[in-house]
Amino acid sequence: MAQDPVVTDGNQYKVILENDQVRVLEHQDQPGDSTQQHHHPAFVLYAVSPFKRSITLPDGKVIQREFKAGDVIYSPAQTHIGKNVGDTPTHVIMVELKAPAKP
């Protein structure tokens, strides 16, 4: 299984909050930057700034994504390599879900 992005790309990912329910990451990079292959559990992503990104999945499939500032998406668990293919830095906040909420 792919590793934690904070381990593989600690220069781009920073943990800003963690508890037994969620882990909140800040991710920043520059045009042309790529990550190592890594894994995220299900997550919510908030785009702080606009950016374009290619996501390469383990099977080789490439997905092109473009975000505007303020865009929010949900994604199921995913292993990928990310590359900033635009002209602007990437800046996102990701909330990784850990476990179902306790009653």
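General remarks:
- Gaussian network model of the chain, Cα within-10 Å springs - most flexible of GLN28, GLN37, GLN64: GLN64
- Two-site FRET efficiency, ILE16 against GLN64, from Cβ-Cβ distance with R₀ of 30 Å, rounded to 0.05: 0.65
- Within the shell of other residues whose beta carbon sits under 15 angstrom from the beta carbon of GLN3, the net charge comes to -2, with Lys and Arg scored +1 and Asp and Glu -1.
- For LYS52, the lysines whose Cα comes closer than 21 Å to its Cα, not counting residues fewer than 8 places off in the same chain, are LYS14, LYS61, LYS68, LYS83.
- Placing a label point 7 Å from the Cα of ASP33 along the Cα-to-Cβ line, the residues of the range 59-103 whose backbone N sits under 12 Å from it are 83-85, 88-92.
- Its residues counted as N, the chain yields a C-alpha radius of gyration over 2.2 N^0.38 Å of 1.03.
- Each Cα pair under 8 Å and six or more residues apart adds its sequence gap; the mean of these over the residue count of the chain is a relative contact order of 37 percent.
Rule-based calculations on the coordinates, nothing more; no lab input. In this text, all values refer to a predicted model and were calculated from it rather than measured experimentally. Cβ coordinates were reconstructed from backbone atoms using ideal geometry, including for glycine residues, and neighbour counts include every protein chain displayed.
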